[in-house]
There are 2 protein chains.
Amino acid sequence: MRGAVIHAPRDVRFETLADPKIVHPTDAIIRTAVTCVCGSDLWPYRGLEPIGDPHPMGHEYVGFVEEVGSEVTGLRPGQFVVGSFATSDNTCANCRNGFPSSCLHREFMSSCQAEYVRIPNAHGTLVATDEVPGEEFWPGLLAVSDVMGTGWWAADAAEVGPGSTALVVGDGAVGLCAVIAAKERGAERIIVMSRHASRQELAREFGATDVVTERGDQGVARIKDLTGGIGADSVLECVGTAEAMRQALHGARPGGSVGFVGVPHEVAVDGQELFFSHVGLRGGPAPVRRYLPDLIERVLAGRIDPGKVFDLTLPLDDVAEGYRAMDERRAIKTLLTP
Amino acid sequence: MRGAVIHAPRDVRFETLADPKIVHPTDAIIRTAVTCVCGSDLWPYRGLEPIGDPHPMGHEYVGFVEEVGSEVTGLRPGQFVVGSFATSDNTCANCRNGFPSSCLHREFMSSCQAEYVRIPNAHGTLVATDEVPGEEFWPGLLAVSDVMGTGWWAADAAEVGPGSTALVVGDGAVGLCAVIAAKERGAERIIVMSRHASRQELAREFGATDVVTERGDQGVARIKDLTGGIGADSVLECVGTAEAMRQALHGARPGGSVGFVGVPHEVAVDGQELFFSHVGLRGGPAPVRRYLPDLIERVLAGRIDPGKVFDLTLPLDDVAEGYRAMDERRAIKTLLTP
């Protein structure tokens, strides 16, 4: 089969790879329906994370079950499945506590920009749809496997509730999906920080009521202006930089909550500052598996359409251009079709 | 009148001070029934916080209303009142959001180890009991004004719920009150970290089921042993040092919650570590006013007796010895009677 391999910063190639095989009896092999490039893939692509030896890329996928291991129950070849970037057995203590992305048998997916993918912990990880959904739903379901699940987690961790004011820091695909999540969870006011016209437009379509273009202290001042001087009830931090975390903590009202879902890079939180803010802080890799049944239903019912974050579609063999377009911010997110 | 004044590290004196007067029409003056020394008073006492010019000390009090300002409603001379170390108007946005200790008109009390005290924002801050309670309830009600309210907040911020496992870091008065709070909120298992026999005994009396004497990595390993290998659902951090915060974060299970209520001193939280732990973190000065009606009722009904944390009672004019006894860990907490 063929798939994406990263060799060095800004050097992603589409190459012939060994076909994945069942390794453990709990594995499944899927044929990729659609896959995509993630904002987090840009960290190594930009040389901001070590790459080491050349290796496959990608952790987002929907596809068709091709083969299952001897211990996989409830899945059969031909089914359309949605998964998560983190695999989970769905039975361990952490899974039962609602944190499948901290599953004791978790494996992070890492070779999904390819024609076929091996899924460990298949029974616990994959959710099959009742029937094969129309292709128009595939981008939305693909988004659910990562960015929409992560946006939902941001809203969950930030405790967005009916009638609340939500602030979304970040206008990438996760930030935009976080707007969808805040809206679905009943936020009355949704403020998004964005300087890009096309992203602002999509954010408004998804339910944002206010856009803040200022950054730093000016951005915080503008947020305070919009929130009666105190800040937002819930802040959804969808970037992962120190500056974004600062915006998030300063944008929350006393006693508000920050959900942070961008992998933090060189972020340290001062204990005394957090203390006197009364702000609650929770983040981590999204427990997507917990949300899958609900989010799949919302997509298939046409209630949400997170697939709109894909503003560039390329054949999988053009994966290198998919990275380039996102790196140069010509695209929010690139959909890849095998 | 007379009251405590700190001059330098380990130099607290009982001196003649000006009688407090109504300064703002929202003030009240109370005659102190009982007051006490707080663990946080030991920071400047030990020279770990700057002292500056000599100044009065103390922020815990119950007493009798002596005089009220012209705008104070609902309070009259002779009533027995319980307050909080932070004053609040009970009407601003932060108060309405449940965070009176972030009240927009907040003042931190700081001269309560004295015969009389001026209470700003008296109407919003003080809760009067229906009748003057028997003296046997005074220590418990005094504890409610700070350490018991703070222990309750630790349990609240750590989301202690029925059937859960709670870990209490710290065996000072706040940690011991946190045990009471965890028990009252239905925790099934309450683990307390303590190396002091008398404190362990009181913790067990308050509801602790397990005592961990190890510290550092060994302490964390012991906590994991006691919690099926994953850690506690809720951690109540009642110290404020970097080591205590480390214990708290490492002692929580993936997706668990840490409530931190000791004022952090040189504590920084690594963003990436917090991220991958899935642990939620919330702290701050306890919103005691929010809990007062409920906690007063629990004390007067004899349901809880946080007054037991006072293991030394001295006349107010012996306040210097009260500090010394706590500094030398001869006493958990000193009650002072004017």
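Results for (1) part of a helix (DSSP H, G or I); (2) free of Cβ contacts under 8 Å to residues at least 12 places away in the same chain; (3) among the hydrophobic types (A, V, I, L, M, F, W, C), shown as yes or no for each residue.
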| residue | (1), (2), (3) |
| --- | --- |
| B:Gly240 | no, no, no |
| B:Arg246 | yes, yes, no |
| B:Arg290 | yes, no, no |
| B:Arg298 | yes, no, no |
| B:Thr313 | no, no, no |
Open item on the list: Being in contact with a helix residue (DSSP H, G or I) (Cβ under 7 Å, 6 or more places away or on another chain) and within 29 Å of A:Gly47 (Cα to Cα) is the filter here; which residues of the stretch A:263-280 pass it?
Closed with: A:Val263, A:Pro264, A:Glu266, A:Val267, A:Ala268, A:Val269
- [ ] Give just the number: which of (1) farther than 26 Å from A:Met326 by Cα; (2) part of a loop (DSSP other than H, G, I, E, B); (3) within 14 Å of chain B (Cβ to nearest Cβ) does A:Asn90 not satisfy?
- [x] (3)
Task: Meets criteria (among the charged types (D, E, K, R), closer than 27 Å to A:Glu159 by Cα and not in a strand (DSSP E or B)) for B:Arg76 - done: no
- [ ] Determine which member of the set A:Ser234, A:Ser164 is touching a residue at least 60 places away in the same chain (Cβ under 8 Å), within 20 Å of A:Gly280 (Cβ to Cβ), hydroxyl-bearing (Ser, Thr, Tyr) and surrounded by 24 or more Cβ atoms within 10 Å (Cβ to Cβ).
- [x] A:Ser234
Task: Conditions (1) in contact with a helix residue (DSSP H, G or I) (Cβ under 9 Å, 6 or more places away or on another chain); (2) under 27 Å from B:Glu328 (Cβ atoms); (3) not small (Gly, Ala, Ser); number of the one not met by B:Cys112 - done: (1)
TODO: Answer yes or no as to whether A:Pro338 is touching a residue at least 24 places away in the same chain (Cβ under 8 Å) and either polar (S, T, N, Q) or within 14 Å of chain B (Cβ to nearest Cβ) (or both).
DONE: no
- [ ] Looking only at the stretch A:273-282, decide whether some residue is surrounded by fewer than 22 Cβ atoms within 10 Å (Cβ to Cβ), more than 16 Å from the chain's Cα centre (by Cα) and at the interface with another protein chain (Cβ under 7 Å from one of its Cβ atoms).
- [x] yes
Open item on the list: Here's a check for you: in the stretch B:42-60, which residue that is at pLDDT 95 or above and of a type in the set (Asp, Glu) is surrounded by the most Cβ atoms within 10 Å (Cβ to Cβ)?
Closed with: B:Glu60
TODO: Please enumerate the residues belonging to the stretch B:166-177 that are more than 25 Å from B:Gly255 (Cα to Cα) and outside any helix (DSSP H, G or I).
DONE: B:Gly172
Task: Unique match (being more than 7 Å from chain A (Cβ to nearest Cβ), touching a Lys or Arg at 6+ places or on another chain (Cβ under 9 Å) and either part of a strand (DSSP E or B) or more than 20 Å from B:Ala86 (Cα to Cα) (or both)) among B:Gly255, B:Gly302, B:Gly259 - done: B:Gly259
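For every residue, the table says whether it meets (1) assigned to a loop (DSSP other than H, G, I, E, B); (2) surrounded by 14 or more Cβ atoms within 10 Å (Cβ to Cβ); (3) assigned by TED's automatic domain parsing to the domain that holds B:Ala331.
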position: B:Val179; (1), (2), (3): no, yes, no
position: B:Gly186; (1), (2), (3): yes, no, no
position: B:Ile190; (1), (2), (3): no, yes, no
position: B:Arg195; (1), (2), (3): yes, no, no
position: B:Gln200; (1), (2), (3): no, yes, no
position: B:Glu205; (1), (2), (3): no, no, no
position: B:Asp217; (1), (2), (3): no, no, no
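The values are calculated or read from the model by the stated rules, or taken from the named source; none is laboratory data. Every value quoted in this text rests on a predicted model; they were computed, and no experiment measured them. Positions of Cβ are backbone-derived with ideal geometry, glycine not excepted, and every protein chain shown enters the neighbour counts.
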